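**Q** Have a look at the structure that comes next, please.
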Amino acid sequence: MVRALKGLAGGIRRECQVRPAHVDNLPPSLPLPARGRCAVDIKRPHSTGHTSSPTLPYTSDMKLVLLACLAAVAVAAPQFIDRPVVLVLRDDRQDNGDGNFNFAFEADNGIVEERSGTPGVVGQANMQGSFRFPLPDGSFAEVRYVADEGGFRPESPLLPTPHPLPAHAIEQIRIAEEQRARGITFE
């Protein structure tokens with residue numbers, strides 16, 4: 001319920017009184033906002049005819065938070081200090097437009113990639129190639145691969161391999177193969 005509109009020096013102060021049911025039970029010694037009253041200062045129009053926005057007490061706090069966020073972003077940005085510049089020695093690309101392509105890339109830090117592709121039977125691109133990159137110990141890792149209808153199949157001495165089967169498992173597999181050859185099946 002609006003109580004009054006009072007003229008103030010430099011603006012209009014609008015007071016309103018909110019009366020939820022529990023406000024009547026509060027003691028009158030509580031501050032006005034706790035008793036359900038509110039006040040908003042609205043600036044008068046300037047001589048140019050424009051009105052300014054209401055004065056908010058949190059404007060300086062919002063500016064401070066915004067400045068802190070920008071500072072945090074600046075501090076968290078990646079620092080590219082002491083990183084060597086890598087030159088591209090070779091970048092050959094050939095696309096015939098019919099699904100056949102060749103690609104070769106080499107950088108002066110030892111990274112090399114070569115790839116060639118042809119159209120696949122079911123619309124995919126069949127590719128084969130290799131890539132090489134330096135390891136921290138100074139040696140190079142090389143991976144050769146084929147990607148076609150059978151999936152992606154990399155080959156490299158650096159790739160993990162399954163552990164060898166224990167002797168008893170190999171014996172069980174041999175027995176199962178002998179039984180299958182004799183026509184013995186289990187259901």
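Each value in this text was obtained by applying a stated rule to the coordinates, not by laboratory testing. From a predicted model like this one, the values you see are computed outputs, not experimental measurements. Reconstructed Cβ throughout: ideal geometry from the backbone, glycine too, with neighbour counts over all protein chains shown.
**Q** Sum up the charges of everything whose Cβ sits under 14 Å from the Cβ of residue 106, counting Lys and Arg as +1 and Asp and Glu as -1, but leave residue 106 out.
**A** Around residue 106, the charge tally is -2.
**Q** Here's something else I'd like to know. For a protection proxy built on the mean count of beta-carbon atoms within 10 angstrom, sort 92-100, 160-168 highest first, please.
**A** Ranked by mean Cβ neighbours within 10 Å, highest first: 92-100, 160-168.
**Q** Okay, next question. ³J(HN,Hα) across the range 115-126 via Karplus (A = 6.51, B = -1.76, C = 1.60, θ = phi - 60°), whole Hz, x for Gly/Pro?
**A** Couplings: 8, 9, x, 9, x, x, 5, 9, x, 7, 9, 8 Hz.
**Q** Taking the Cα-to-Cβ direction at residue 165 and at residue 187 and moving 7 Å from each Cα, how far apart do the two end points lie in nm?
**A** It is 2.6 nm.
**Q** Defining a contact as two alpha carbons under 8 Å apart and six or more residues distant in sequence, what relative contact order in percent does the range 88-155 show?
**A** Relative contact order for the range 88-155 comes out at 21 percent.
**Q** When Rg is the radius of gyration of the Cα atoms in the range 54-184 and Rh is its Kirkwood radius, what does Rg/Rh come to?
**A** 1.30
**Q** Around residue 158, under 14 Å between beta carbons, what's the net of Lys plus Arg minus Asp minus Glu among the other residues?
**A** In short, -1.
**Q** Continuing with the same structure: Name the chymotrypsin sites (Phe, Trp or Tyr not before Pro) in the range 94-187 that are in a loop by DSSP and that have at most 13 other C-beta atoms within 10 Å, would you?
**A** 186
**Q** Report the percentage of all Cα-Cα pairs in the range 88-155 whose separation exceeds 16 Å, rounded to a whole percent.
**A** Taking all Cα-Cα pairs of the range 88-155, the fraction more than 16 Å apart is 54 percent.
**Q** Taking the Cα centre of the range 88-155 as the origin, how large is its charge dipole in debye, to the nearest 20, when only Lys and Arg (+1) and Asp and Glu (-1) carry charge on their Cβ atoms?
**A** That gives the range 88-155 a dipole magnitude of about 100 debye.
**Q** Measure off 7 Å from each Cα along the Cα-to-Cβ vector at residue 108 and residue 179, then give the distance between these two points in nanometres to one decimal.
**A** That separation, rounded to one decimal, is 6.6 nm.
**Q** A follow-up question, please. Using the Cβ atoms and a cut-off under 15 Å, what net charge is assigned to the surroundings of residue 91, where Lys and Arg are +1 and Asp and Glu are -1?
**A** -3
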